[in-house]
Amino acid sequence: MSSKPRLFSGIQPSANSLQIGNYIGAIVQWKELQASHDAIFCIVDLHAITVQQDPTQLRENTRRTAAQYIAAGIDPAASTLFVQSHVPAHPELAWILNTITGFGEASRMTQFKDKSARQGADSTTVGLFAYPTLMAADILLYQAAVVPVGDDQRQHVELTRDLAGRFNSRFGDTFAIPEARIQRETARIYDLQEPTSKMSKSASSEAGVVWLLDEPTVTAKKIKSAVTDADNDVRFDPESKPGISNLLTIYSVLAGESIASLEAEFGSRGYGNFKTKLADVVVATFAPIRERTLELLADPAELDRVLAGNADRAAEIANRTLATVYDRIGLLHKA
Ligand code: TYM
């Protein structure tokens, strides 16, 4: 067994491409941490069915998400990279956790409140309500110490910690208590057209979302038409200049330059010049990832083989935890 701390994280295959918020909020951290951690990265397809999905699209998006993890730099030989539904222990543990989660506690999850408000009461399902306990199961099955995510997942990781503590005190020490790892500066990337809303795979307007698999010309166009204020001064001020501040964050992460040095470089030279340079940086980052993703997708059988092998590795760990849980809560062993 590895002596490195265990890390777990995941992304939903809910679109045919990741968006750059997923990359900057989650994958950049994953890449940084994968060498120093026993890292497990999941494609959480069972979470993606908590809103309506098309079966053919879901299957395709699951492969595409896996290919993007690898193309972006996750190494499936060093880390474990697998599809959630390939390891049945996830929904099994989620069921157990449902039985120790308060109805009121689950009702307070802001992501549930937002998503159910958007969908309307009639299409809000029990599955969407139980999304956070499935996420807790993902993390707790692997005894993960560290969970690198964007800011919108903080509350779910808090719930996971509460559930782990509750289970441990009721049934004896079983789960490690995980810690969210959220990079303050990049925890929230905003929509390019609506820079006060989070960039999201389910955004209403295409122009505000930069997809990893967009053609380079499309990416450049979206960056150049991002909404900014009128004063033309490249300065980081999220309160009164949310648009340009968001672009500065993106630039800073992708180019590895501090915001202060970007302000010094671009300051009063106008937005046009800054956006052109940023478009180059974004395209230079994502064009190779896009190309590699398309190469990987050209051989789906090989991709499926890698995912199957990784799922076996994941299942070994997950099944051990699940067996302990079943035993602790008093389920009868099958003879
Ligand atoms: P998902 O697919 O909605 O988001 C995946 C990751 O991307 C981050 N993210 C962002 N970060 C910064 N700015 C944005 N605009 C932005 N949009 C998305 C999210 O915070 C997340 O880290 N529920 C999880 C998936 C999940 C999971 C888990 C994560 C299921 N089980 C266990 C960690 C551990 C989610 O939000 O997926």
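Considering only residues that are near the ligand (Cβ under 6 Å from one of its atoms) and hydrophobic (A, V, I, L, M, F, W, C), which ones fall in region 1-23?
Correct list: Phe8, Ile11.
Which pairs have Cβ atoms under 6 Å, sit 6 or more apart or on different chains, and link a residue in region 177-202 that is without any contact (Cβ under 8 Å) to a residue 12 or more places away in the chain to one that is within 9 Å of the ligand (Cβ to nearest atom)?
Ser197/Asp191
Output the qualifying pairs, or none if there are none: Cβ atoms under 6 angstrom, residues six or more apart or on different chains, first residue in region 3-26 and free of Cβ contacts under 8 Å to residues at least 60 places away in the same chain and under 23 Å from Val282 (Cβ atoms), second residue within 8 Å of the ligand (Cβ to nearest atom) and of a type in the set (S, T, N, Q).
Correct list of pairs: Ile11/Asn22.
Within region 130-165, which residues are in contact (Cβ under 8 Å) with a residue 24 or more places away in the chain and of a type in the set (D, E, K, R)?
Passing the criteria: Asp138, Asp151, Asp152, Arg154, Asp162.
Does Ile96 meet the test of being more than 17 Å from the chain's Cα centre (by Cα), under 25 Å from Val325 (Cα atoms) and not in a loop (DSSP other than H, G, I, E, B)?
yes
Go through Thr124, Thr110, Thr133 for me and flag whichever is under 23 Å from Asn319 (Cα atoms) and of a type in the set (Val, Ile, Thr).
Residue meeting the stated conditions: Thr133.
Can you name the residue in region 145-175 that is closer than 15 Å to Ser9 by Cα and in a loop (DSSP other than H, G, I, E, B) and, of all such residues, is farthest from the chain's Cα centre (by Cα)?
It comes out as Ala145.
Read-outs: derived from the displayed coordinates by stated rules, not from any lab. No experiment lies behind these values; they were computed from the predicted model shown. With ideal geometry, Cβ positions are generated from the backbone for all residues, glycine too; neighbour counts draw on all protein chains shown.
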